[in-house]
Amino acid sequence: MNLKRTFGTLLTVLGIIGLIYTAIVFTNTSGSERDIKSLIIYGILGVVFFISGINLIKTTKDES
C-alpha cells in the first residue's frame, strides 16, 4: 500500500472526526464566546483535513 494513500486516509478520518466534534459542540452550545471559537477552530481544521485527505487519495496513482 502506498504511504501517500495511507496518509490521505488518516487525514480524511481526522477531518471526519473534527467535523463530527464540531456538530456535537454546535448542538450543545449556549452561545458563549468560547463555544463560538471552538466551533470555528474545529470546523475549519476538520474541513481542511478532510479536503486535503480526499485530494491526496484522489491524486495518488496506484503503482503495483
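Being among the small types (G, A, S) and under 19 Å from G18 (Cα atoms) is the filter here, so list the residues in region 49-64 that pass it.
Scanning region 49-64 gives S52, G53.
Which residue pairs have Cβ atoms closer than 8 Å, lie 6 or more positions apart in sequence or on different chains, and pair a first residue in region 24-45 that is in a helix (DSSP H, G or I) with a second residue that is surrounded by 14 or more Cβ atoms within 10 Å (Cβ to Cβ) and of a type in the set (K, R)?
none
Given (1) free of Cβ contacts under 8 Å to residues at least 24 places away in the same chain; (2) among the charged types (D, E, K, R); (3) touching a helix residue (DSSP H, G or I) at 6+ places or on another chain (Cβ under 9 Å); (4) within 17 Å of R5 (Cβ to Cβ), where does K61 come up short, assuming only one miss?
Among (1) free of Cβ contacts under 8 Å to residues at least 24 places away in the same chain; (2) among the charged types (D, E, K, R); (3) touching a helix residue (DSSP H, G or I) at 6+ places or on another chain (Cβ under 9 Å); (4) within 17 Å of R5 (Cβ to Cβ), K61 violates only (3).
Taking region 1-23 on its own, how many of its residues are in a helix (DSSP H, G or I) and either open to solvent by less than 90 Å² (accessible area, probe 1.4 Å) or among the acidic types (D, E) (or both)?
So in region 1-23, the residues in a helix (DSSP H, G or I) come out as 3-23.
Now narrow it down to the ones that are either open to solvent by less than 90 Å² (accessible area, probe 1.4 Å) or among the acidic types (D, E) (or both): 5-6, 8-9, 11-16, 18-19, 22-23.
Residues that pass the stated criteria total 14.
The values are calculated or read from the model by the stated rules, or taken from the named source; none is laboratory data. It should be emphasised that the depicted structure is a prediction, and the values quoted were computed from it without experimental measurement. Heads up, the Cβs are rebuilt from the backbone with ideal geometry, glycines too, and the neighbour counts pull from every protein chain shown. Accessible surface areas use protein heavy atoms only, side chains included; no ligands, DNA or RNA. Shrake-Rupley method; radii C 1.70, N 1.55, O 1.52, S 1.80 Å.
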